[in-house]
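First the structure, which I've put down as structure tokens, then a few questions once you've had a look.
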Amino acid sequence: MRAVIQRVSEASVEVAGAIVGRTGMGLLVLLGVGQGDSTEEARLLAEKTARLRIFGDAEGKFNQSLCDVGGGALVISQFTLYADTRKGRRPSFSDAAPPNLAAPLVVAYAEALRTFGLPVATGVFGAMMRVALINDGPVTIILSTETQSANVRRQASSSTARQRR
């Protein structure tokens, strides 16, 4: 999974002329689901999102998370985060999960954010959406379970190697 997380003063999403989701101060999350992603990865990424310290404390330092500041999240599915532009001029999206697999994982991610007591709004999966936001900072962070998974595999293999010694 890949997420582009933007700290916002407010954000909203519109489908067919109607606002279907909005948040005040908090995060706008553009979420892409890749081939092979799982509900466990959705849960881990949601936890990372909720606890990521990208909000300022009294001194202006990044010491507070979305949970700490009582903000909300607007989650928008975006398969284009898996665009592969290495060949030609038309992006390939073959690394993105198909809709029947991606949609439940976007829901799982949003539900996992809600377990932290956060208000979470969403767009409409597969719809043409118009997203409006007011960046705060701006602060934009890219998260990926690909690097988290690689770190877990690396830690597991080094642990196994230590056990063999």
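Being hydroxyl-bearing (Ser, Thr, Tyr), surrounded by 20 or more Cβ atoms within 10 Å (Cβ to Cβ) and closer than 19 Å to Gln6 by Cα: is that true of Thr23 here? First the steps, then the outcome.
Values: hydroxyl-bearing (Ser, Thr, Tyr): yes; surrounded by 20 or more Cβ atoms within 10 Å (Cβ to Cβ): yes; closer than 19 Å to Gln6 by Cα: yes.
Yes; evaluated as a whole, the condition is true for this residue.
Continuing with the same structure: Need the failing condition index for Val124 against (1) farther than 22 Å from Ala16 by Cα; (2) modelled with pLDDT of 95 or more; (3) not in a helix (DSSP H, G or I), just the number.
So Val124 meets the others, but not (1).
Also, I was wondering about something else. Between Glu47, Glu40, which is over 11 Å from the mean Cα position of the chain (by Cα) and among the acidic types (Asp, Glu)? Talk me through it step by step, then tell me what you get.
Values: Glu47 fails: over 11 Å from the mean Cα position of the chain (by Cα).
Testing whether each residue is over 11 Å from the mean Cα position of the chain (by Cα) and among the acidic types (Asp, Glu) leaves just Glu40.
Now, a different point. What about Ala42, is it small (Gly, Ala, Ser), modelled with pLDDT of 95 or more and part of a strand (DSSP E or B)? Step through it out loud before you land on a result.
On the way: small (Gly, Ala, Ser): yes; modelled with pLDDT of 95 or more: yes; part of a strand (DSSP E or B): no.
No: the conditions fail for Ala42.
Still on this structure, I have one more. Mind listing whichever residues of the stretch 100-121 are part of a helix (DSSP H, G or I) and more than 15 Å from the chain's Cα centre (by Cα)? It would help to see each step written out before you state the result.
In the first step, residues of the stretch 100-121 are kept if they are part of a helix (DSSP H, G or I); the result is 100-114.
The answer is Asn100, Leu101.
Taking Thr49, is it β-branched (Val, Ile, Thr), at pLDDT 95 or above, surrounded by 13 or more Cβ atoms within 10 Å (Cβ to Cβ) and over 20 Å from Leu28 (Cα atoms)? Reasoning before the result, please.
Values: β-branched (Val, Ile, Thr): yes; at pLDDT 95 or above: yes; surrounded by 13 or more Cβ atoms within 10 Å (Cβ to Cβ): yes; over 20 Å from Leu28 (Cα atoms): no.
So Thr49 does not fit the description; no.
Just give me the residues in the stretch 89-148 being touching a residue at least 60 places away in the same chain (Cβ under 8 Å) and either of a type in the set (Lys, Arg) or at positive phi (or both), in sequence order.
Listed by number, the residues that qualify are Arg130, Gly137.
May I ask you to list pairs of residues, at least six apart or on different chains, whose Cβ atoms are under 6 Å apart, with the first in the stretch 52-80 being part of a loop (DSSP other than H, G, I, E, B) and the second being at pLDDT 95 or above and among the acidic types (Asp, Glu)?
Matching pairs, first to second residue: none at all.
The values are calculated or read from the model by the stated rules, or taken from the named source; none is laboratory data. No experiment lies behind these values; they were computed from the predicted model shown. Here Cβ is always computed from backbone atoms with ideal geometry, including for glycine, and neighbour counts include all displayed protein chains.
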